[in-house]
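Working notes for the structure below.
Read-outs throughout are calculated quantities, based only on the coordinates presented, and are distinct from any laboratory measurement. These numbers come from a predicted model, not from an experiment. Cβ placement follows ideal geometry from the backbone for every residue including glycine, while neighbour counts extend to all protein chains displayed.
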Amino acid sequence: MVSIRRPWLPSAIVLAAAAALILSGLGAYPLTDRDEGEYAGAVASMLRHGDWIIPTLNGRSYLEKPILIFWAVAGSWKLLGRSEFSTRLPSALAALSLLASMAWLLPMATRSRRLTLLAILCLAAMPMFQAVAHLCLTDMFVAWSVTWSLLCFFIAMERLADAAAPPNPPKALVSAVPAVRNPVRWWFLMAWVGLGIGFLAKGPVVPAIVIPVTVLYAFIQRPMRTALAHCCFIEGVLVFAVIAAPWYLLAYQRLGHEFIRGFFGAQIVARGTHVLLGHGGGFLFYLPVLFWGACPFAAAALPGLWTAFVGNRLEQRRRSVRHRLTLLAALAVVVTVALFTAAATKLPHYLLPAFPFLAILAADFLLRLRHEERRRPWLLQLCFALLVLLLGVLAAMAAALPLILSWAWPRLEGMINADSSEYALPLSPPPCGELATVMAVLAVATFVISRRLLRQRRGFQTAIAMAVGMGLQSLVMVALISRVLGAIQEPACQLAKDLKPVLHPQSAALTYGLWKPTLFYYLDRDLIRLQASDDRDYEELRHMLGDAKPVFVFTRHALVGKLERLDGFQILATAGGYALGGNPPAMAAWCRLNPAERTGKAARP
């Protein structure tokens, strides 16, 4: 009765559960370096100087990303104050908006609420989706823009393909858009809106995914001329320009060719052709990202990807909207993976725009288990094998995590480059045995229940079991990440919070052998950066320590011995792998602080 009278209720319950899952641990750990720290530091500088057009970081124009993420975080700070929670809230809201958009658009596209429910359930529980939703990154905005644009395009194509273009649109569409006389035109324009927002979030990345997918789909599914004639190209470009162009024009007006070189050249072109900051990878870099980022739903999504291409004949697509949707989803996954594989700079979260469509493929395959078993029984066996591999390896890695950390910790410390790395590890890894054990038990339980339901060909129940298991895993994973990042990040953050009341405009603050963008946020000021590998910087520090004004130095605990050889350098506090020092005026200012506030001073390892 509930499903007949209130068909939206199951999706609303899933959205509420996803919101609780995402928001619960959003501020549980300090901001991470480098992206979160740089974004938050740039927003702090934006608010400090009142410049809402060109973000700056440490006194220089920060052109790595377009303006949307900075405006979103600044708005969140204005409403809720500065905190880790408010900094990450825009990404979390983008994640919830993505799920809500799918819950609204998919029933219009397919008239299947079961598919809609399973798709948002699968996506909400995927580890990659949960990880990015808990971080201040641009990728969730990109994923929303790509998903919104492609689903609106798909609905427009479906309305365009309706026989004889019936004068009255379907009831679901009338209830959603009562004032629109031409729903085809409206949906195409909505797709252009998504492109404009995506361009404001991460530049050409969104059009580079959406345009090839739409062109390939239109070419495969129907004559290109018909699609081009109805896609509202002129009006769509105008809508796109109204959304995206103002900031780009204002930035170019302010910086001229520096903006073109800094954003399009140094970020867009350079990331595609050169490995930046050591973030490279081979041809198969994104294969494990697909497997583990969508675990365990990849066990159904990858067979679904196969059937979308190989077993999806033209006559089937003409008869079934689900077959057409899986073709679009498969094209979105392949184009996204191909685009980022071709780029030289690679990071796992770049692939996030593919995950909503992996969720659609997984949901569709699980709902067609019995049908696929009759046609291609080997695909079901592949699903079983992938489920064993994914959850088995996940359980084994979780159980072995304490041993892995103990073995890797000293080796990681030896690999750290003092001048380019953001982190200074504490002497020993944080204890995580009980959380790792819980993760391993949850992985085994999820495997046992899912495998049993899968053998009974109960795809709907299998998806729910997987989602519940991975949702609980996400809660434990957030607690585990909070513990590990707390051990790594909290010492430096606490030192910065202790120092902030002491700093005055005439004080000098610098980092030596340490590049840690979160300090720009926690100290809310620019910092002089000196490199430990440069002898001239060492001599410059020697000269600065002789000033009459306070000079505060953030550094690594491993570099304290070198710095103590400088006349006038004194250690003020140490915490974890970090140290705070300064000259005698800095020591005097530090000692005037209430001792109860100087929590870092007693943390010497």
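Structural remarks
- Judged by the gyration tensor of its Cα atoms, with axes a ≥ b ≥ c, segment 260-364 is prolate; a/c meets the 1.5 cut and a/b is the larger of a/b and b/c.
- Least to most buried among Met108, Met397, Met544 (fewest other Cβ within 10 Å first): Met397, Met544, Met108
- Anisotropy class assigned to segment 95-367 is oblate, per the alpha carbon gyration tensor with a/c at or over the 1.5 cut-off and a/b no larger than b/c.
- Simple label model, 7 Å out from Cα along Cβ direction - Leu216 to Arg565, nm: 5.8
- This ranking places Trp187, Trp8, Trp407 by how few other beta-carbon atoms lie within 10 Å of each, fewest first, which gives Trp407, Trp8, Trp187.
- Separation in nanometres of the label points that stand 7 Å from Cα toward Cβ, at Met415 and Ala16: 4.5
- Overall form of segment 492-602 per C-alpha gyration tensor (a/c, 1.5; a/b vs b/c): rounded
- For the peptides 549-561, 10-22, the ranking by packing is 549-561, 10-22, with the highest mean count of neighbouring Cβ atoms within 10 Å listed first.
- Rounded to whole Hz, the Karplus (6.51, -1.76, 1.60) HN-Hα couplings of segment 564-581, x for glycine and proline: 5, 7, 7, 5, x, 7, 9, 7, 8, 6, 10, 7, x, x, 10, 9, 10, x
- Burial ranking of peptide ranges 528-534, 518-524, 131-137 (average Cβ count within 10 Å, highest at the top): 131-137, 518-524, 528-534
- For Met397 and Ala344, a Förster radius of 35 Å and the Cβ-Cβ distance give a FRET efficiency of 0.75, rounded to the nearest 0.05.
- The simple Förster model, with R0 at 56 Å and r as the Cβ-Cβ distance, assigns Thr273 and Arg368 a FRET efficiency of 0.85.
- Coarse-grained scattering of segment 329-487 at q = 0.12, 0.14 Å⁻¹, given as base-10 log I(q)/I(0) from a Debye sum over alpha-carbon atoms: -0.73, -0.93
- Lys, Arg +1 and Asp, Glu -1 on Cβ, resulting dipole of the chain about Cα centre, debye, nearest 20: 2680
- Scanning residues 5 or more positions from Ser421 or on other chains, those with amide H under 5 Å from its amide H are Trp515, with H placed 1.01 Å from N in the peptide plane.
- Exceeding the 21 Å Cα-Cα cut-off - candidates Lys65/Lys346; Lys65/Lys516; Lys202/Lys516: Lys202/Lys516
- Full-extension gain in nm, Leu9 to Ala408, via 0.36 nm per residue minus C-alpha separation: 138.9 nm
- Residues whose placed amide H lies under 5 Å from that of Ile528, excluding near-sequence neighbours: Ala509, Leu510, Thr511
- Under the span-like rule (Cα at least 30 Å along the axis, Kyte-Doolittle mean at least 1.6), DSSP H helices of the chain: 321-342, 377-415
- The amide H of Leu572, built 1.01 Å from its N in the peptide plane, has Leu580, Gly581, Gly582 as neighbours under 5 Å, considering only residues 5 or more places off or on other chains.
- The shape of segment 422-565 can be summarised by an equivalent ellipsoid whose semi-axes, obtained from the alpha carbon gyration tensor, come to 50, 15, 12 Å from longest to shortest.
- Applying 0.36 nm per residue to the separation of Arg375 and Lys78 and subtracting their alpha-carbon distance, the gain on full extension is 101.2 nm.
- Burial order of peptide ranges 283-291, 92-100, 357-365 (average beta-carbon count within 10 Å, highest first): 357-365, 92-100, 283-291
- Additional length obtainable on full extension of the chain from Arg313 to Cys591, 0.36 nm per residue less Cα span: 92.4 nm
- Across all directions, the shadow cast by the convex hull of the chain built on its C-alpha atoms averages 29.4 square nanometres.
- DSSP bridge pairs, the chain: antiparallel proportion in percent, nearest 5: 55
- Each helix, a run of at least 4 DSSP H residues, gives -39500 (n - 2.57); summed and divided by the residues of the chain, these come to -21000 deg cm²/dmol at 222 nm.
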